[in-house]
Amino acid sequence: MYYSGDSHNGTVKCALCPHGCHIQKGKTGICGVRLNNQGKLFSTNYSMVTGIHFDPIEKKPLYHFYPGSSILSVGTFGCNLQCVFCQNFHISHPSNMEILNTKSVSLNRILKASIEYKDNCGIAYTYNEPIVWFEYMFDIAVPARQQGLKNVMVSNGYINRKPLEQLLDVVDAFNIDLKAYTNSFYNDICGGSLQPVKNTLQAIAKRGKHLEITNLVIPGLNDDTKVFGEMVKWIAGELGNDTPLHINRYFPSYRLQIHPTPTETLLRLRTLAMEMLNFVYIGNVSQGGDLSNTICPQCRKVVIERSGYSIGSKGIDNQGNCAGCGRRIVVL
């Protein structure tokens, strides 16, 4: 585990994420799950699963990684950010651990289910923040990779470089939630900071891992056109203009109860993003069509049609290229 201890007073310093929590005996860090037990750091959520399901991979969302496949999705509890709009607050920040519905799930059980299920491409670490169950995730990911399964991480990206590099050895694809492009948003709304997330995104791109980004647009908080444009420009310049961006609609949740994002706002931001990025989608809206379809940026043909989580991919060849012009589109 990533931590150091003080033999004099028994406190430990967690080195997993940028918070760098100094944790006293019997206490946990900001995440609520990494516990100082007599001067040693323990993961209280190791193997304690709150959700395990076979999901469409598009639900993560990943639109350019094994489209149309299923993926075994696993989650525990806890989170190292404190987003006031959290959509999974019941497992990220449970108010009463005694009523949290958990069950211990062994590594072998997860691997066995992943291998036996038809059309399953791998394992997704998701639902709550997988960074705070780093050890359980890594212990699954290593043998999963050895068995030919793909590892997918759905994360806020708030992790230190050393543990991230360890994950980059075994994780194949990421969806990172870039919550906003101002430090004030991260500080005031999420209890974190922006730069560590940018560092994570750059490290993933540098290692050549598949990367998609989700941005939940919240009225009045992160929907400023200028700032959004700066974010998209940074993504295109630092991560590449083929990086898929999912612009998602906000609905009231947890401690933030403002009105849902107007569809017009999402369309405006998508139009701006498409000036710099080749694959831009809108999520959490009822209408599909071009908002969720994949269009080849070279020949402009629709290569993947989506209706909810159902897809038609006749426009993609067996190598993941556009069947019309041969342009690279997805990872298969």
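The values are calculated or read from the model by the stated rules, or taken from the named source; none is laboratory data. The structure displayed is predicted, hence computed values, not measured ones. Neighbour counts run over all protein chains shown; Cβ positions are idealised from the backbone, glycine included.
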Scanning region 185-236 for residues that are touching a strand residue (DSSP E or B) at 6+ places or on another chain (Cβ under 6 Å) and among the acidic types (Asp, Glu), which turns out farthest from PHE65 (Cα to Cα)?
ASP223
Which members of region 303-321 meet the condition of being of a type outside the set (Ser, Thr, Tyr), on the phi < 0 side of the Ramachandran plot and out of contact with any helix residue (DSSP H, G or I) (no Cβ under 8 Å at 6 or more places or on another chain)?
VAL303, ILE304, GLU305, GLY312, LYS314, GLY315, ILE316, ASP317, ASN318, GLN319, ASN321
Criterion: in contact with a Pro (Cβ under 9 Å, 6 or more places away or on another chain) and at pLDDT below 95 - qualifying residue of TYR309, TYR281:
TYR309
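This table checks each residue for (1) under 25 Å from the mean Cα position of the chain (by Cα); (2) part of a strand (DSSP E or B); (3) under 29 Å from GLY229 (Cβ atoms).
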position	(1), (2), (3)
PHE251	yes, no, yes
LEU267	yes, no, yes
ASN278	yes, no, yes
TYR281	yes, yes, yes
GLN287	yes, no, yes
ARG300	no, no, yes
LYS314	no, no, no
GLY326	no, no, no
Could you say which residue among LEU164, LEU201 is crowded, with 20+ Cβ neighbours inside 10 Å, modelled with pLDDT of 95 or more and closer than 17 Å to GLY237 by Cα?
LEU201
Which pairs turn up if I take residues in region 217-233 that are touching a residue at least 24 places away in the same chain (Cβ under 8 Å) and within 20 Å of VAL285 (Cα to Cα) and look for partners that are among the polar types (S, T, N, Q) and assigned to a loop (DSSP other than H, G, I, E, B) with beta carbon separation below 7 Å, at least 6 apart in sequence or on another chain?
VAL217/THR261; ILE218/THR261; PRO219/THR261
Any chance region 177-190 includes a residue that's touching an Asp or Glu at 6+ places or on another chain (Cβ under 7 Å) and either at pLDDT below 95 or assigned to a strand (DSSP E or B) (or both)?
no
Is it the case that region 201-213 has a residue that's assigned by TED's automatic domain parsing to the domain that holds HIS93 and over 21 Å from LEU62 (Cα atoms)?
no
Kindly indicate which of LEU272, LEU277, LEU266, LEU332 is in the same structural domain as LEU216 (by TED's automatic domain parsing), surrounded by fewer than 21 Cβ atoms within 10 Å (Cβ to Cβ) and in contact (Cβ under 8 Å) with a residue 40 or more places away in the chain.
LEU272
Out of the residues in region 74-110 that are more than 26 Å from ASN187 (Cα to Cα) and in contact with a helix residue (DSSP H, G or I) (Cβ under 6 Å, 6 or more places away or on another chain), state the one that is surrounded by the most Cβ atoms within 10 Å (Cβ to Cβ).
ILE110
